[in-house]
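Here the structure is laid out as structure tokens; the discussion comes afterwards.
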Amino acid sequence: MIRPATAADLPSLTDTIRRAWIFAYGQILPFDVIQRWACEDWSGNQAAEQWPEITVYEHEGRAVGMVRTEGPDISDLFVHPSCHRRGIGTALLRHAEARVAADGYEDAEVGVVDGNLTALSFYGAQGYARLRVEGETVPGEEAAIFILAKRLR
């Protein structure tokens, strides 16, 4: 079930962000960045600060996936690794795209860290194409971010 996040989802959201982030970036970013990210509990802080803006996918009573939208931007699409390949990411992305379209945007954009081949493949299969490259700080590390776009209308 897809629904808005609530404060009660914070433990599940924190766990999902933490595990999905390590799954995605553990092989890409340097160890000191991963260690700093874990020690400073960035995933817990992210969940605590952003839960009112998050949409979750609930499975068996817990939030196992999440996504956010802001204008035409779709971000923070995370699925707990134990729930990969079940259509949860696709369902969340479709929900986010519908929200972006309902807000009057013709295109949706997502950002993917260089090296995150799983995300690049996922978005490519969903019809997203590379639009531009930006530099961004990804928890303490400068990284190239591929901005991908998809026409919604």
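Among residues of segment 36-47 that are closer than 11 Å to Leu10 by Cβ, none has a Cβ under 7 angstrom from a residue that is at pLDDT below 70 and surrounded by fewer than 16 Cβ atoms within 10 Å (Cβ to Cβ) at a sequence gap of 6+ or on a separate chain. Cβ-Cβ distances below 9 Å connect the following pairs, each with a first residue in segment 1-21 that is within 16 Å of Ile34 (Cα to Cα), a second residue that is modelled with pLDDT under 90 and not in a helix (DSSP H, G or I), and a separation of six or more residues or different chains: Thr14/Asp41; Arg18/Asp41; Trp21/Pro139. Residues in segment 86-135 that are in a loop (DSSP other than H, G, I, E, B), under 21 Å from Ala63 (Cβ atoms) and among the small types (Gly, Ala, Ser): Gly87 alone. The numbered conditions (1) within 15 Å of the chain's Cα centre (by Cα); (2) under 21 Å from Ala143 (Cβ atoms); (3) buried (at least 18 other Cβ atoms within 10 Å of the Cβ) are all true for Leu29 except (1).
As a summary of the residue check, Arg85 satisfies the conditions (1) among the charged types (D, E, K, R); (2) surrounded by 15 or more Cβ atoms within 10 Å (Cβ to Cβ); (3) more than 13 Å from the chain's Cα centre (by Cα) except for the one numbered (2). Scanning segment 22-35 for residues that are aromatic (Phe, Trp, Tyr) and in contact (Cβ under 8 Å) with a residue 12 or more places away in the chain turns up Phe23, Tyr25. Considering segment 39-85, the qualifying strands (runs of 3 or more DSSP E), each wholly inside and each with 3 or more residues that are of a type in the set (D, E, K, R), run over 62-70.
The requirement of being of a type in the set (Gly, Ala, Ser), surrounded by 16 or more Cβ atoms within 10 Å (Cβ to Cβ), touching a Leu at 6+ places or on another chain (Cβ under 6 Å) and not in a strand (DSSP E or B) is not satisfied by Ala20.
A single member of Glu109, Glu141, Glu136 is modelled with pLDDT under 90, crowded, with 17+ Cβ neighbours inside 10 Å and of a type outside the set (Val, Ile, Thr), and it is Glu141.
Listed by first and then second residue, the pairs with beta-carbon distance under 6 Å, at least 6 apart or on different chains, first residue in segment 82-106 and closer than 19 Å to Ala20 by Cα, second among the hydroxyl-bearing types (Ser, Thr, Tyr) and outside any helix (DSSP H, G or I), are Ile88/Tyr57; Leu92/Tyr57; Ala96/Thr69.
The values are calculated or read from the model by the stated rules, or taken from the named source; none is laboratory data. It should be emphasised that the depicted structure is a prediction, and the values quoted were computed from it without experimental measurement. Glycine gets a Cβ as well: all are built from the backbone with ideal geometry, and neighbour counts include every protein chain shown.
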